[in-house]
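Bear in mind these aren't lab numbers, they're just calculated from the coordinates by the rules spelled out. All figures in this text were calculated on a predicted structure; none of them were measured in a lab. Cβ sites come from the backbone with ideal geometry, for glycine too, and all protein chains shown count toward neighbours.
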Amino acid sequence: MQLRTFALPALIASFALGCGYSEEEWQAQLDKYNRLQSEHQNTEARLTKTQQELQAEQTRVEELAKQLKAAGIDISKLNENLQSSASQVSQLSASLEERERALAEYKARAKQLEQIKERFDTLRKKLDELTKLGLAVNIRKNRMVVSLPGDVLFDSGRETLKKEGKEILEKVAQVIRADASLKARDFQVAGHTDNKPLAGGVFRDNWGLSLMRAREVLLYLVSDKGQLPIDHWSASGYGDTDPVASNDDADGRQKNRRCDIIVVPSVEEMLDLKAIAQ
């Protein structure tokens, strides 16, 4: 016996007419059914597309985060607010609206991470010439830092620049002067020492020595030798409070005796990650 198959609308029509509905009423019910079916299909399609886009943006954010972390940029605060969104959309019952909201958050976060990465990449390229001079250009505490070895600049316990120290500072100044955008930026010279106590003298302690060394570097860079704009430079002394290596051996102490030239972020690019994350 051959079975005959009827489409659902035909069954609805047959049922409706058999129950006394007019053709107009039946057509209205059929239109409603078709509309609801179309809306359901559209919602399912949007849900699938949104989930695919969300997964892609999550992968994008994770990759950018890895790249920034590898470069030394701390973005831990920036990603705090994403944890709740990721937890919500991981549930199978997450609605389309929840997934779309999470997608928007991830897209915005990816854009922020890309802007941060672009800023540091651009700045690092501008300072590449300094690495050719044997100087270290790193990111510390979300700041681009050029480290000048203290032993190259000064004799032990002294703040007077040595001849080779002056030569390296003139080369640094030349690199900065050659780039108009670099020359227009704000910089700070930060002096650092190892943890060996300074026995009295005119500087009294490591803070005094580090500050006077930073001042000496600053004055040379803005002098007629360095020719850098005085209104964009400042100096600070950290003593032994911000080491980059262990003070337990001679090699570590040598690395800690340094003057850092810090590129100060502008207002537009300040990395207040907590504020960005809100």
request  = Could you calculate the FRET efficiency of residue 180 with residue 236 from 1/(1 + (r/R0)^6), where r is the beta carbon distance between them and R0 is 25 Å, rounded to 0.05?
outcome  = 0.45
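Ordered by packing density, taken as the mean number of other Cβ atoms within 10 Å over each peptide's residues, highest first, how do 155-162, 236-243 rank? Let's see the in-between values first.
Numbers: 155-162: 13.9, 236-243: 17.8.
Per-residue Cβ counts within 10 Å, averaged per peptide and sorted highest first, yield 236-243, 155-162.
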key: lysines with Cα under 27 Å of residue 225, excluding same-chain neighbours fewer than 8 positions away   = 125, 126, 132, 162, 163, 166, 171, 183, 255
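Just how large is the dipole of the stretch 127-275 about the Cα centre, in debye to the nearest 20, putting +1 at every Lys and Arg Cβ and -1 at every Asp and Glu Cβ?
Values: 22 positive and 24 negative charges, 36 e Å.
My answer is approximately 180 debye.
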remark   = In Å, the C-alpha Rg and Dmax of the stretch 128-257 are 14.4, 43
